[in-house]
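Data first, discussion second: the structure below is written as structure tokens.
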Amino acid sequence: MDRQPPAELPEGYVDFYKQLESWQNEQTIKLRKTFIHHTQDIEPLLNSRKKPLLMQVRHYIDEKDFNQVYRALIAFLYEARPNTALYLDSIMRGIDAFSFEQIIESLIKLDDKYLQIMATQLNISEEFLYFTLDHALRPFLRLIAEHYTDALKSETLDWEFYTICPVCGAKSHISRLRSEDGQRLMFCDRCFSEWPSRFLFCVHCGADKPGSLSFIKIEGDDAYQLFVCEKCKGYLKTYDERVGGKSVDLFIANVETVYLDMLAQERGYTNHD
Ligand SMILES: [Zn+2]
Ligand SMILES: [Zn+2]
């Protein structure tokens, strides 16, 4: 049975993200047949250069493949989000002139200058344009990240930017405490990578004195917790598998727990975005 979040979310909000994730999973399955990624020895790259993998190596994402997936995403959005049709129309009027090579480069490098120019030309919000492009890239990113699932859990990995994904560079907003041993794993909802961080430790500022860290739970929803830091006022959403008793889809959990973000922010905490 679906979990009932303790706070009301806008009608259809969680459902939309579930549909989007299913659509992306289908794309990932299709692309897996042809997409090639040359596995890198990620640990020395991360330990020595202190930058996410995709900022360091070639991505091998083909612009024609991306073009195709992007058009399929726009078709999906016409169905799933008909209230955005005007923006989608603007995109479709300009799409033949898009430089998908430059778009991929901007998304990979997390540099939005080119996307700002595009949004102005298309006369739509940069946020909406970015949402569409980045979600079309995610199936590719997830295929790349699959190569590093085990390597990222290595005991000798030295990745000190706990809130930044070591593969794609996106910011993480949720973690889980693993059922077997309570190990905290940070989660990237963009490429689905997971990497370890200490338990009694602020992932934002590194504070680890018992007095500076605490957590907030919501009555009746004990598995979802907010870890908060008094030193930097940072917070981190966490799903405790030992309490919840099962693993959950953290992509959806992150969307469903918007009420925890609201609660944290009401109490003066920030995720330092
Ligand atoms: Zn990532
Ligand atoms: Zn802190």
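The values are calculated or read from the model by the stated rules, or taken from the named source; none is laboratory data. Quantities reported herein were computed from a predicted structural model and do not represent experimental measurements. Here Cβ is always computed from backbone atoms with ideal geometry, including for glycine, and neighbour counts include all displayed protein chains.
Could you list all residues from the stretch 183-204 that are more than 16 Å from ligand 2 (Cβ to nearest atom) and either over 17 Å from residue 223 (Cβ atoms) or in contact with a Lys or Arg (Cβ under 6 Å, 6 or more places away or on another chain) (or both)?
Across the stretch 183-204, the qualifying residues are 185, 188, 189, 190, 191, 192, 193, 194, 195, 196.
The residue of the stretch 230-247 that is nearest to residue 164 (Cα to Cα), among those that are buried (at least 16 other Cβ atoms within 10 Å of the Cβ) and touching a residue at least 40 places away in the same chain (Cβ under 8 Å), is 236.
Give the residue that is surrounded by the most Cβ atoms within 10 Å (Cβ to Cβ), with candidates limited to residues of the stretch 174-227 that are among the acidic types (Asp, Glu) and over 19 Å from the mean Cα position of the chain (by Cα). My answer is 221.
As a summary of the residue check, residue 265 satisfies the conditions (1) outside any helix (DSSP H, G or I); (2) surrounded by fewer than 18 Cβ atoms within 10 Å (Cβ to Cβ) except for the one numbered (1).
Here is the figure for the stretch 158-173: residues that are touching a strand residue (DSSP E or B) at 6+ places or on another chain (Cβ under 7 Å) and either without any contact (Cβ under 8 Å) to a residue 60 or more places away in the chain or surrounded by fewer than 21 Cβ atoms within 10 Å (Cβ to Cβ) (or both) total 7. Go through the stretch 184-204 and give me each residue that's at pLDDT 95 or above and in a loop (DSSP other than H, G, I, E, B). Correct list: 188, 189, 190, 191, 192, 193, 202, 203, 204.
For every residue, the table says whether it meets (1) within 20 Å of residue 50 (Cα to Cα); (2) in the same structural domain as residue 103 (by TED's automatic domain parsing); (3) in contact (Cβ under 8 Å) with a residue 24 or more places away in the chain; (4) within 15 Å of ligand 1 (Cβ to nearest atom).
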position: 141; (1), (2), (3), (4): yes, yes, yes, yes
position: 184; (1), (2), (3), (4): no, no, yes, no
position: 190; (1), (2), (3), (4): yes, no, yes, yes
position: 195; (1), (2), (3), (4): yes, no, yes, yes
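Residues in the stretch 130-171 that are of a type in the set (A, V, I, L, M, F, W, C) and within 16 Å of ligand 2 (Cβ to nearest atom) were compared, and the one that is nearest to residue 70 (Cα to Cα) is 164.
Kindly indicate the residue of the stretch 28-42 that is in contact with a Phe, Trp or Tyr (Cβ under 9 Å, 6 or more places away or on another chain) and surrounded by 11 or more Cβ atoms within 10 Å (Cβ to Cβ) and also farthest from residue 140 (Cα to Cα) among those meeting that condition. Among them, the one singled out is 42.
Of all residues in the stretch 58-87, those being over 30 Å from residue 11 (Cα atoms) and exposed (fewer than 14 other Cβ atoms within 10 Å of the Cβ) number 3. Without any contact (Cβ under 8 Å) to a residue 24 or more places away in the chain and small (Gly, Ala, Ser) - does that describe any residue in the stretch 65-74? Among the residues of the stretch 65-74, not one is without any contact (Cβ under 8 Å) to a residue 24 or more places away in the chain and small (Gly, Ala, Ser), which makes the answer no. Checked against the criterion of being out of contact with any Phe, Trp or Tyr (no Cβ under 6 Å at 6 or more places or on another chain) and not aromatic (Phe, Trp, Tyr), the candidates 63, 155 yield just one match: 155. Given the condition more than 16 Å from ligand 1 (Cβ to nearest atom), in contact (Cβ under 8 Å) with a residue 40 or more places away in the chain and not in a loop (DSSP other than H, G, I, E, B), answer yes or no: does some residue in the stretch 215-222 qualify? So far as the stretch 215-222 goes, yes, one or more of its residues are more than 16 Å from ligand 1 (Cβ to nearest atom), in contact (Cβ under 8 Å) with a residue 40 or more places away in the chain and not in a loop (DSSP other than H, G, I, E, B). For the stretch 88-122, give me the residue count where each residue is surrounded by 13 or more Cβ atoms within 10 Å (Cβ to Cβ), not charged (D, E, K, R) and not in a helix (DSSP H, G or I). Total satisfying the criteria: 2. When the stretch 42-89 is limited to residues that are polar (S, T, N, Q) and over 20 Å from the mean Cα position of the chain (by Cα), the one that is nearest to ligand 1 (Cβ to nearest atom) turns out to be 47. For the stretch 1-25, taking the residues that are acidic (Asp, Glu) and not in a helix (DSSP H, G or I), the one that is modelled with the lowest pLDDT is identified as 2.
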